[in-house]
1. If I go through the range 116-145 residue by residue, how many of them are outside any helix (DSSP H, G or I) and over 29 Å from the mean Cα position of the chain (by Cα)?
2. Out of all the residues in the range 178-193, is one or more more than 30 Å from GLU215 (Cα to Cα), touching a strand residue (DSSP E or B) at 6+ places or on another chain (Cβ under 6 Å) and open to solvent by 50 Å² or more (accessible area, probe 1.4 Å)?
3. If you go through the range 194-213 one residue at a time, how many are more than 20 Å from GLU153 (Cβ to Cβ) and surrounded by 13 or more Cβ atoms within 10 Å (Cβ to Cβ)?
4. Which pairs do you get when a residue that is on the phi < 0 side of the Ramachandran plot, found in the range 50-65, comes within reach of a residue that is open to solvent by 40 Å² or more (accessible area, probe 1.4 Å) and modelled with pLDDT under 90, reach meaning Cβ atoms under 9 angstrom, with the pair 6+ apart or on two chains?
5. Look at GLY282 and say whether it is farther than 27 Å from ARG84 by Cβ, surrounded by fewer than 10 Cβ atoms within 10 Å (Cβ to Cβ) and modelled with pLDDT under 90.
6. Name the residue, out of GLY85, GLY128, GLY91, that is more than 25 Å from GLN13 (Cα to Cα) and out of contact with any strand residue (DSSP E or B) (no Cβ under 8 Å at 6 or more places or on another chain).
7. Please work out if LEU169 is under 30 Å from TYR7 (Cβ atoms), in a helix (DSSP H, G or I) and touching a helix residue (DSSP H, G or I) at 6+ places or on another chain (Cβ under 6 Å).
8. Starting from residues that are assigned to a loop (DSSP other than H, G, I, E, B) and closer than 12 Å to ASP39 by Cβ, keep the ones in the range 97-115 and report whichever is most open to solvent (accessible area, probe 1.4 Å).
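The values are calculated or read from the model by the stated rules, or taken from the named source; none is laboratory data. As the structure is a prediction and not an experimental result, all values here were calculated from the model. Neighbour counts run over all protein chains shown; Cβ positions are idealised from the backbone, glycine included. SASA here: full protein model, heavy atoms, side chains in, ligands and nucleic acids out. Shrake-Rupley method; radii C 1.70, N 1.55, O 1.52, S 1.80 Å.
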Amino acid sequence: MDQGLVYAGLLDQPEIQFKDWQALNQWQPESGIIWVHLDINCQDARDWLLMHSQLNDYAIDTLLTEETRPRMEPHKGSICMALRGVNLNPGEDPEDMVAIRVYADAHRVITARRRRLHSIQTVMNLLGQEDAPATTASFINELINQLTARLEETIDSVEDQVDALEQALLDDASHGLQKELSSLRRAAVVLRRYLAPQREALSRLYLEKLDWYPESEKLKLRDLSDRLIRNIEDLDTAREHAILAQEQIASRLSEQMNQRMYVISIFSAIFLPLGFLTGLLGVNVGGIPGAHDSFAFLIFILILLSVFGVQWWLFKKYRWL
């Protein structure tokens with residue numbers, strides 16, 4: 001393939017592929033339904049879109065945009081979509097979702113990427129198999145299916161991690177969990193930020209009347225939209241569990257702090273009068289009682305023990321201990 005041309009071939013005749021820009025430019029609608037996948041980081045791919053794709057300006061802008069939220073816009077029998085998929089690239093965070101830009105009409109699908117997306121590779125691997133998409137509508141449904149499947153795996157992983165942290169919390173192992181819960185909450189928030197508009201994009205696609213999108217494919221699209229809604233609900237549930245777990249940790253830490261402060265207060269209350277007495281009799285001035293009596297120290301110790309005993313009895317009586 002030429003630089004920037006990741007894949008180009010006919011969906012209904014997967015054995016026919018276009019290996020370079022020159023061959024791609026020979027394609028005509030009567031040749032078959034074509035799928036072109038571009039890496040728009042490459043100047044050659046951007047030049048082809050601008051000069052040879054014969055797309056309208058809005059479609060070109062959608063395919064070349066730097067970053068975009070999920071959306072779907074129809075235009076004269078075609079659609080422009082921007083979708084997001086979880087980031088499964090090595091060393092990346094799944095919630096750093098990867099954008100895939102799509103143009104589709106009755107005869108062709110053009111997708112554009114800036115970062116690799118595993119869902120696209122899976123669709124590419126399906127071509128030539130018995131259940132491979134052979135029409136524009138079935139291709140879009142398969143792409144959405146692959147995006148949703150990987151999203152489900154990521155959300156299941158988030159739910160499993162939250163469940164594990166909740167179990168650790170029940171086992172009274174709250175040390176270090178606050179940071180992990182915060183990380184999971186952040187992941188859930190970032191994922192949901194893109195999933196909500198993606199759900200709206202699928203709903204709008206379902207309602208759009210397109211001659212090349214048959215009712216059978218619309219029904220599959222509705223099922224995919226329902227799956228996405230369930231994923232969003234599962235994500236919200238996981239986030240709520242993480243919030244509750246964080247609140248429980250905060251409550252437990254507050255309770256531990258209160259218990260420690262209570263113990264310190266009890267000791268302070270016990271030693272306050274004892275400290276007062278020892279301090280009073282420890283001043284270096286004349287006239288201290290018992291200064292010349294050999295039994296004075298013993299008597300003073302007994303007084304202190306008596307004061308301590310009275311305090312202990314009072315604390316027990318008022319259930320402070």
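1. Of the residues in the range 116-145, the ones outside any helix (DSSP H, G or I) are 116-117, 127-135.
When the remaining residues are screened for being over 29 Å from the mean Cα position of the chain (by Cα), the result is 127-135.
Count: 9.
2. Looking through the range 178-193, none of the residues is more than 30 Å from GLU215 (Cα to Cα), touching a strand residue (DSSP E or B) at 6+ places or on another chain (Cβ under 6 Å) and open to solvent by 50 Å² or more (accessible area, probe 1.4 Å).
3. Adding up the residues that qualify gives 11.
4. ASN56/HIS75; ASN56/LYS76; TYR58/HIS75; ALA59/HIS75
5. Yes; evaluated as a whole, the condition is true for this residue.
6. GLY91
7. It is false that LEU169 is under 30 Å from TYR7 (Cβ atoms), in a helix (DSSP H, G or I) and touching a helix residue (DSSP H, G or I) at 6+ places or on another chain (Cβ under 6 Å).
8. Just the residues of the range 97-115 that are assigned to a loop (DSSP other than H, G, I, E, B), to begin with: 97, 105-107, 114-115.
Within this subset, residues satisfying the condition of being closer than 12 Å to ASP39 by Cβ are 114-115.
Details: ARG114: 52, ARG115: 76 Å².
Applying the filter and picking the extreme gives ARG115.
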